[in-house]
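K.L.:
The structure's right below; bear with me while I get my questions together.
The values are calculated or read from the model by the stated rules, or taken from the named source; none is laboratory data. If you're wondering where the values come from, they're calculated on a predicted model, not measured in any experiment. Glycine also receives a Cβ, built like all others from the backbone with ideal geometry; neighbour counts cover every protein chain displayed. What goes into the accessible areas is simple: the full protein's heavy atoms, side chains included, and nothing from ligands, DNA or RNA. Shrake-Rupley method; radii C 1.70, N 1.55, O 1.52, S 1.80 Å.
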Amino acid sequence: MTANLSPSMRNDKQQRATLQIKDSSLICGGDWTVQQLAAFERSLDQLRLPTGPVQIDLRAVRRFDTGGAWVLQRLLLKLAQGQQAVDISGLSAEASGLLKLVSETGITPEKVPGSARSGVLEALGRSSLERALYGIGLLAFVGEMASVWLGQLIRPGRIRWREIAHELGEAGYKALGIVGLLSFLLGVVIAYQGGGQLRQYAASLFVADLVGLSMVRELAPLITAIIIAGRSGSAYTAQIGTMQVTEEVDALRSMGIAPMELLVLPKVLALMIALPLLTVYADIMGVLGGMVMASMQLDVGFASYIDRISIAVSVESYLVGIGKAPVFAAIIATVGCYQGFQVVGSAESVGRHTTLSVVQSIMAVIVVDAAFSVALNYFGI
Amino acid sequence: MLSPDPVIEVRDLTLRFGRKVVHDRLNLTVRRGEILAIVGGSGSGKSTLLRMMAMLQPPSAGTVLLLGDEVTSRGLVQNLELRRRLGVLFQQGALFGGMSVLENIGVPLHEHSGLSARLIDEIGCVKLELVGLEANDGLLYPNQLSGGMRKRAALARAIALDPELLFLDEPTSGLDPLSAAAFDELILELKSALDPTIVMVTHDMDSLWQLADRVILLGETRVLAEGTMEEMADSRDPAVMPFFQNPRARAARAAVERSA
Ligand SMILES: Nc1ncnc2c1ncn2[C@@H]1O[C@H](COP(=O)(O)OP(=O)(O)OP(=O)(O)O)[C@@H](O)[C@H]1O
Ligand SMILES: [Mg+2]
């Protein structure tokens, strides 16, 4: 639909658009199409237009599209502002049709809405407000969740066992492989790195203390939580976020089903069950990893290693490690679901909130873990 | 103004999904400057035919000659060159959700023109006005638009590069009758102003009467009939009659004849 060309010209080489000023006339040539206008477009604003009456000569223009028509219209508007008489020659019928079309839209450069670019202070204010609102929103979300939960405790018939079982399978059972592998390797690494030092003091057997305590009390709960935040927390955000975009969440509401009840609580409950179990599993795999390494590198036999573990790791430490897991689970599931509900509109928003969900839940897990350490130390456990 | 000069030639086109045959050695021609409508029952393969003509889906066998070039065997770069001359209005609009309407229209312009952002915004506003939206609507995001506005915005993006060939997939579906009529009007206006060849899929009898120079009826994996709307409506062919001889079709015809 590029005007003024015969079919045979469509496929031949394109030419750059040109605009020259000679005395009082503007001489245009080449292809005045969006692909070719870039040649002079950027210098358009600095162009020193002649004063007085102007002739615009378009005879050398081969092609013309709406982009070209707009650039011409822009020139005409500028000349009209200076009240200069304009004489256009060489405008083909199609081209003049396009020019008419563009001028009838009534667009002027001033009418183009500027993308509001805000100052530093405004941006700072906005982002602070956004964060504050985010915090308040999260609190409200937790409150709503708690109230729905309490309602379910009073009427246990409303608990969605099927969804919980499904989520348990997704977040728990299917994560066994990766959690097992990573904690086994972690045990191997700790034993390997620590074993060398211990051997120098002829204290090889204490590798069991090293691996046992660090894994059971700190590392197993933490690594499991981080894996699950990346694996399930992100999935929760993506799932709820996509449902939000496709109005499926609204569809649920319209059917009288509370999204909180169907989508959020089963996930939170399931993860609070799954994460402690996974942590126990990670404990075992980590200790196993250490055991294999100890026997290979330090000649500590399996039997003596296990004997030592049972002395080194108190039931207390074990319970502290596992006790943290449900808290981590609650954080991961809550942040994941909340971020899902924050999604508005588009696929891009789903991606952004999924990233946020993972980053925030991992951060929160580590901060809470540190808080646990300090608090437990204070109480001397 | 019809010229015999073909813009698209579909030759012996076959499309299979697994064992299911959607098109079986289908032939059709789109002439330069016409508005060709593709109609047919649900699942008759209208959308897939449109997608193949727009190079979005490779056929199982057969060729498509698009603007004189055979597209089935071409490399990607050349295809990009060719794709630039097409515009597609997707059924759901397919506007990029993370961008404002104006930015959406700017995407193909930024990609292919090298013009300054300022001028691209200005051209975007011209296109917005052309499709009956206002320059200020350009700042809205797709999820802030109504269904009709979304269609218009998507059309503005489809015509961003002044395509020679415009594909419309159910342009008026999901619109209320008034908006649908206005959209038909808009397509006619754009047609007379920019003169693209238009291939559209539609179920809307009113738009068929309003817009279509020629109609192709798909069914049973092939072209069942083709002709002008009058020819189709007067056809005694038992394969064609159910589609054009029903209360809705007759009402649409009556409306056209009344206004004529
Ligand atoms: N990607 C795909 N895989 C398998 N089958 C497909 C695929 N895409 C389309 N089909 C099948 O091809 C047939 C034609 O689909 P198409 O979307 O073209 O129908 P249509 O004529 O546009 O129908 P409608 O009017 O309902 O939009 C259908 O039977 C559909 O099931
Ligand atoms: Mg379809």
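K.L.:
Can you tell me which residue within region B:195-218, out of those that are open to solvent by less than 10 Å² (accessible area, probe 1.4 Å) and away from ligand 1 (no atom under 16 Å from the Cβ), is farthest from the other protein chains (Cβ to nearest Cβ)? Spell out how you get there, then give the answer.
P.N.:
Step one: filter region B:195-218 for residues open to solvent by less than 10 Å² (accessible area, probe 1.4 Å), giving B:196-202, B:207-208, B:211, B:215-218.
Retained after the next criterion (residues that are away from ligand 1 (no atom under 16 Å from the Cβ)): B:196-198, B:211.
Details: B:196: 5, B:197: 8, B:198: 10, B:211: 16 Å.
Taking the candidates together, the pick is B:211.
K.L.:
Scan region B:126-179 residue by residue and report those that are among the polar types (S, T, N, Q) and within 16 Å of ligand 1 (Cβ to nearest atom). Talk me through it step by step, then tell me what you get.
P.N.:
Within region B:126-179, the first condition is being among the polar types (S, T, N, Q), and the residues that meet it are B:136, B:143-144, B:146, B:172-173, B:179.
Of everything in region B:126-179, those that are among the polar types (S, T, N, Q) and within 16 Å of ligand 1 (Cβ to nearest atom) turn out to be B:172, B:173.
K.L.:
Taking region A:186-215, which residues are open to solvent by less than 10 Å² (accessible area, probe 1.4 Å) and closer than 30 Å to residue A:360 by Cβ?
P.N.:
Selection gives A:187, A:215.
K.L.:
Search region B:122-171 for residues being under 18 Å from the mean Cα position of the chain (by Cα) and among the acidic types (Asp, Glu), and hand back the single one that is farthest from residue B:8 (Cα to Cα).
P.N.:
Only one residue fits best here, namely B:170.
K.L.:
Next up: Tally up the residues in region A:19-66 that are part of a strand (DSSP E or B) and touching a residue at least 12 places away in the same chain (Cβ under 8 Å), please. Write out each step before concluding.
P.N.:
We begin by selecting, within region A:19-66, every residue part of a strand (DSSP E or B); these are A:19-22, A:25-32, A:54-64.
Retained after the next criterion (residues that are touching a residue at least 12 places away in the same chain (Cβ under 8 Å)): A:19, A:21, A:25-32, A:54-64.
Within region A:19-66, residues that are part of a strand (DSSP E or B) and touching a residue at least 12 places away in the same chain (Cβ under 8 Å) number 21.
K.L.:
Conditions: (1) open to solvent by 40 Å² or more (accessible area, probe 1.4 Å); (2) away from chain B (no Cβ under 14 Å). Residue A:183 meets all but one. Number of the miss?
P.N.:
Evaluating residue A:183 over (1) open to solvent by 40 Å² or more (accessible area, probe 1.4 Å); (2) away from chain B (no Cβ under 14 Å) leaves (1) as the failure.
K.L.:
Scan region B:136-171 residue by residue and report those that are out of contact with any Pro (no Cβ under 7 Å at 6 or more places or on another chain), among the acidic types (Asp, Glu) and facing chain A (nearest Cβ under 8 Å).
P.N.:
The one that is out of contact with any Pro (no Cβ under 7 Å at 6 or more places or on another chain), among the acidic types (Asp, Glu) and facing chain A (nearest Cβ under 8 Å): B:162.
K.L.:
Right, something else. Quick test of your reading of the structure: residue A:91 fulfils all but one of (1) within 18 Å of residue A:37 (Cα to Cα); (2) within 49 Å of the chain's Cα centre (by Cα); (3) part of a loop (DSSP other than H, G, I, E, B); (4) of a type outside the set (S, T, N, Q). Name the failing condition by number.
P.N.:
(2)
K.L.:
Let me ask another. Just a yes or no: is a residue in region B:182-194 open to solvent by less than 10 Å² (accessible area, probe 1.4 Å), within 18 Å of residue B:96 (Cα to Cα) and within 12 Å of another protein chain (Cβ to nearest Cβ)?
P.N.:
Scanning region B:182-194 turns up no residue that is open to solvent by less than 10 Å² (accessible area, probe 1.4 Å), within 18 Å of residue B:96 (Cα to Cα) and within 12 Å of another protein chain (Cβ to nearest Cβ).
K.L.:
Still on this structure: Only one of (1) loosely packed, with under 14 Cβ neighbours inside 10 Å; (2) at pLDDT 80 or above; (3) within 14 Å of chain B (Cβ to nearest Cβ) is not met by residue A:59, so which one is it?
P.N.:
Status for residue A:59: all satisfied but (3).
K.L.:
Please work out which residue is modelled with the highest pLDDT, limiting yourself to region B:61-73 and to residues that are part of a loop (DSSP other than H, G, I, E, B) and surrounded by fewer than 15 Cβ atoms within 10 Å (Cβ to Cβ). If you could, list the steps in order and put the result at the bottom.
P.N.:
Start the filter on region B:61-73 by keeping residues that are part of a loop (DSSP other than H, G, I, E, B), which leaves B:67-68, B:71-73.
Remaining after also requiring surrounded by fewer than 15 Cβ atoms within 10 Å (Cβ to Cβ): B:68, B:73.
Values: B:68: 74, B:73: 53.
Looking at residues that are part of a loop (DSSP other than H, G, I, E, B) and surrounded by fewer than 15 Cβ atoms within 10 Å (Cβ to Cβ), I get B:68.
K.L.:
Another one. Out of all the residues in region A:82-92, which are closer than 18 Å to residue A:31 by Cβ and small (Gly, Ala, Ser)?
P.N.:
A:90, A:92
K.L.:
Restricting to region B:108-159, name every residue that is in contact with a Gly (Cβ under 8 Å, 6 or more places away or on another chain), open to solvent by 50 Å² or more (accessible area, probe 1.4 Å) and modelled with pLDDT under 85.
P.N.:
Residues satisfying the conditions are B:117, B:143.
K.L.:
Please specify each residue of region A:275-305 satisfying the condition of being without any contact (Cβ under 8 Å) to a residue 24 or more places away in the chain and in contact with a helix residue (DSSP H, G or I) (Cβ under 8 Å, 6 or more places away or on another chain). Please lay out each step first, then the result.
P.N.:
Applying the first criterion (without any contact (Cβ under 8 Å) to a residue 24 or more places away in the chain) to region A:275-305 yields A:284, A:295-296, A:301-303.
Across region A:275-305, the qualifying residues are A:295, A:301, A:302.
K.L.:
So for region A:164-171 (the condition being within 14 Å of another protein chain (Cβ to nearest Cβ) and at negative phi), does at least one residue qualify?
P.N.:
Scanning region A:164-171 turns up no residue that is within 14 Å of another protein chain (Cβ to nearest Cβ) and at negative phi.
K.L.:
Then there is this: What residue, among those in region B:34-67 that are in contact with an Asp or Glu (Cβ under 9 Å, 6 or more places away or on another chain) and of a type outside the set (A, V, I, L, M, F, W, C), is farthest from ligand 2 (Cβ to nearest atom)?
P.N.:
If we take residues in region B:34-67 being in contact with an Asp or Glu (Cβ under 9 Å, 6 or more places away or on another chain) and of a type outside the set (A, V, I, L, M, F, W, C), then B:63 is farthest from ligand 2 (Cβ to nearest atom).
K.L.:
For region B:12-33, enumerate the residues that are within 15 Å of residue B:67 (Cβ to Cβ) and either in a strand (DSSP E or B) or within 16 Å of ligand 2 (Cβ to nearest atom) (or both). Please lay out each step first, then the result.
P.N.:
Keep residues of region B:12-33 that are within 15 Å of residue B:67 (Cβ to Cβ), which gives B:29-33.
B:29, B:30, B:31, listed by residue number.
K.L.:
Under the condition of being surrounded by fewer than 11 Cβ atoms within 10 Å (Cβ to Cβ) and among the β-branched types (Val, Ile, Thr), which residue from region A:104-149 is nearest to residue A:76 (Cα to Cα)?
P.N.:
If we take residues in region A:104-149 being surrounded by fewer than 11 Cβ atoms within 10 Å (Cβ to Cβ) and among the β-branched types (Val, Ile, Thr), then A:120 is nearest to residue A:76 (Cα to Cα).
K.L.:
What are the residue pairs meeting all of these: first residue in region A:310-339, first residue more than 18 Å from residue A:282 (Cβ to Cβ), second residue not in a helix (DSSP H, G or I), Cβ atoms under 8 Å, and 6 or more apart or on different chains?
P.N.:
Cβ pairs passing all conditions: A:316/A:381.
K.L.:
Would you be able to tell me the number of residues in region B:58-68 that are in contact (Cβ under 8 Å) with a residue 24 or more places away in the chain and either among the β-branched types (Val, Ile, Thr) or away from chain A (no Cβ under 14 Å) (or both)?
P.N.:
Here is the first cut: in region B:58-68, the residues in contact (Cβ under 8 Å) with a residue 24 or more places away in the chain are B:59-67.
If we keep only those that are either among the β-branched types (Val, Ile, Thr) or away from chain A (no Cβ under 14 Å) (or both) as well, we get B:59-64.
Of the residues in region B:58-68, 6 are in contact (Cβ under 8 Å) with a residue 24 or more places away in the chain and either among the β-branched types (Val, Ile, Thr) or away from chain A (no Cβ under 14 Å) (or both).
K.L.:
Looking only at region B:77-100, decide whether some residue is more than 13 Å from chain A (Cβ to nearest Cβ), over 23 Å from the mean Cα position of the chain (by Cα), open to solvent by 40 Å² or more (accessible area, probe 1.4 Å) and without any contact (Cβ under 8 Å) to a residue 24 or more places away in the chain.
P.N.:
Scanning region B:77-100, I find at least one residue that is more than 13 Å from chain A (Cβ to nearest Cβ), over 23 Å from the mean Cα position of the chain (by Cα), open to solvent by 40 Å² or more (accessible area, probe 1.4 Å) and without any contact (Cβ under 8 Å) to a residue 24 or more places away in the chain, so the answer is yes.
K.L.:
Moving to a separate point now. Can you list residue pairs whose Cβ atoms sit under 7 Å apart, with the first residue in region A:67-85 being more than 13 Å from residue A:95 (Cα to Cα) and the second being open to solvent by less than 10 Å² (accessible area, probe 1.4 Å)? Count only pairs 6 or more apart in sequence or on different chains.
P.N.:
Taking only residues 6 or more apart or on different chains, the pairs are A:79/A:54; A:84/A:54.
K.L.:
Checking residue A:101 against (1) open to solvent by 30 Å² or more (accessible area, probe 1.4 Å); (2) assigned to a loop (DSSP other than H, G, I, E, B); (3) facing chain B (nearest Cβ under 8 Å), which single condition isn't satisfied?
P.N.:
Unmet condition: (2).
K.L.:
Restricting attention to region B:19-55, which residues are without any contact (Cβ under 8 Å) to a residue 60 or more places away in the chain, in contact with a strand residue (DSSP E or B) (Cβ under 8 Å, 6 or more places away or on another chain) and within 12 Å of ligand 1 (Cβ to nearest atom)?
P.N.:
First, the residues of region B:19-55 that are without any contact (Cβ under 8 Å) to a residue 60 or more places away in the chain: B:19-20, B:29, B:42-43, B:48, B:51-52, B:55.
Applying the additional criterion that residues be in contact with a strand residue (DSSP E or B) (Cβ under 8 Å, 6 or more places away or on another chain) yields B:29, B:48, B:52, B:55.
Hits for region B:19-55 are B:48, B:52.
K.L.:
Take the conditions within 11 Å of ligand 1 (Cβ to nearest atom) and either closer than 14 Å to residue B:198 by Cα or under 13 Å from the mean Cα position of the chain (by Cα) (or both) and apply them to residue B:8. Does it pass? Break it down stepwise before answering.
P.N.:
Numbers: within 11 Å of ligand 1 (Cβ to nearest atom): no; either closer than 14 Å to residue B:198 by Cα or under 13 Å from the mean Cα position of the chain (by Cα) (or both): yes.
Criteria not met by residue B:8.
K.L.:
Then there is this: Quick one: would you say residue A:329 is assigned by TED's automatic domain parsing to the domain that holds residue A:234, open to solvent by less than 40 Å² (accessible area, probe 1.4 Å), over 25 Å from residue A:242 (Cα atoms) and in contact with a helix residue (DSSP H, G or I) (Cβ under 9 Å, 6 or more places away or on another chain)? Working first, answer last.
P.N.:
Working: assigned by TED's automatic domain parsing to the domain that holds residue A:234: yes; open to solvent by less than 40 Å² (accessible area, probe 1.4 Å): yes; over 25 Å from residue A:242 (Cα atoms): no; in contact with a helix residue (DSSP H, G or I) (Cβ under 9 Å, 6 or more places away or on another chain): yes.
No: the conditions fail for residue A:329.
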